[in-house]
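Single-structure report; data block below.
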Amino acid sequence: MKTTVIGLGLIGGSFALSLKDKGLSECVMGIERSERSARRALDLGLVDRIATLDEALAESDLIVLATPVDTIPVMAVKLLNRIRPDQIVMDMGSTKQELCEVTALHPNRGRLVATHPMWGTENSGPEAAEHGAFAGRTVVICDSERSDADALAAVERIYRTLGMPIRYMSAEEQDTHCAYVSHISHITSFALALTVLEKEREEEHIFDLAGGGFESTVRLAKSLPQTWAPIFLGNKYNVLDVLREHIHQLQILRRMIERDDRQGLIDAMSKANKIREILK
């Protein structure tokens, strides 16, 4: 199998490495808008060569979209317009409703497999790519019934070879769940970082006191804004729903602190501790 990965940053670069490490593709080509990133991806051995879109369409069995989420729907349609009946397109974006809606009536919709590997770090660019990044991480395949059986089976085989448990959801379910388990974590981290940076203007030594808890909480605020702004906006209504609930919980805790409600705080935090049973 020959593969082209479009977008050679953290996700695309790590996926390209995984394909090569596992011997899943005899040739991994890359397409990258940034010339610097393309050269770096080659230097790091993420891909075997840099290709044009025309070359990718002529030579690839599988084309992987790992670009920012706001570019994926248009790119997917362009690819579906031009692919052969035996070629497969898959994406790795973290929002799915727009993609699945835009492509729903396309005559080649069956050649698309919409996926979201649940892995990432705060780092970006080809240098952020990691060997073995996806092992043990869940991947979501959305609206799998809309994909042709052979295309779906090929993508499932890749993910299983990478050691990834597969979950099947509708695009709507996926976007709702990701707002709660992924997107809110990032937006909260950005907000906390902004809060502390604003306070730091008044308190010169505040970062001297920052420990491991602070670092782990704001780690995601180091993530690339150009990646996350489209994700928040692309999943706007789900993100707004989870933000409303999050703000509500913060207001409850604030009122307890204002009222010196020691038992209320203990009860609330004890309830929150039940997350240990889920995240073991």
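Read-outs throughout are calculated quantities, based only on the coordinates presented, and are distinct from any laboratory measurement. The structure presented is a predicted model; accordingly, all values stated were derived computationally and were not measured. Cβ atoms come from the backbone with ideal geometry, glycine included; neighbour counts cover every protein chain shown.
Here are a few things to note about the model shown:
- Spin-label model distance (nm) - Asp21 vs Leu279, 7 Å beyond Cα toward Cβ: 2.4 nm
- The distance linking segment 102-156 with segment 161-185 is 11 Å (Cα centroid to Cα centroid, whole angstrom).
- When the C-alpha to C-alpha distance is required to be over 27 Å, the pairs from Lys22/Lys222; Lys20/Lys236; Lys199/Lys274; Lys2/Lys96 that qualify are Lys22/Lys222; Lys20/Lys236; Lys199/Lys274.
- Taking the DSSP bridge list for the chain and keeping only pairs wholly inside it, about 15 percent are antiparallel.
- Shape of segment 174-278, Cα gyration tensor, a/c cut at 1.5: oblate
- Loop-located trypsin sites (Lys or Arg not before Pro) across segment 1-104 with a Cβ neighbour count of 12 or fewer within 10 Å are Arg33, with loop assigned by DSSP.
- In the chain, a dipole from Cβ-located charges (positive for Lys and Arg, negative for Asp and Glu) runs towards its positive end, and of Thr138, Ile11, Leu233 it is Thr138 whose Cα lies farthest in that direction.
- Placing +1 on the Cβ of every Lys and Arg and -1 on the Cβ of every Asp and Glu, with nothing else charged, gives segment 174-278 a dipole about its Cα centre of roughly 360 debye.
- Structure-based [θ]222 nm, the chain - -39500 (n - 2.57) summed over DSSP H runs of at least 4, per residue, nearest 500: -15000 deg cm²/dmol
- Hits among lysines - C-alpha to C-alpha of Lys271 under 21 Å, sequence gap 8 or more where chains match: Lys280
- Counting DSSP beta bridges with both ends in segment 2-169, the antiparallel % (nearest 5): 15 percent
- For the chain, the longest principal axis of the C-alpha atoms and the axis of helix 262-272 are separated by about 10°.
- Local electrostatic count, Pro126, Cβ distance below 13 Å [Lys/Arg +1, Asp/Glu -1]: -1
- Note on segment 2-169: semi-axes of the ellipsoid equivalent to its C-alpha gyration tensor, largest first and rounded to whole Å, are 22, 18, 15.
- Computed about its Cα centre, the charge dipole of the chain is approximately 380 debye, with only Lys, Arg, Asp and Glu carrying charge at their Cβ.
- Charge tally for Leu162 (other residues, Cβ to Cβ under 15 Å; Lys, Arg +1; Asp, Glu -1): +3.
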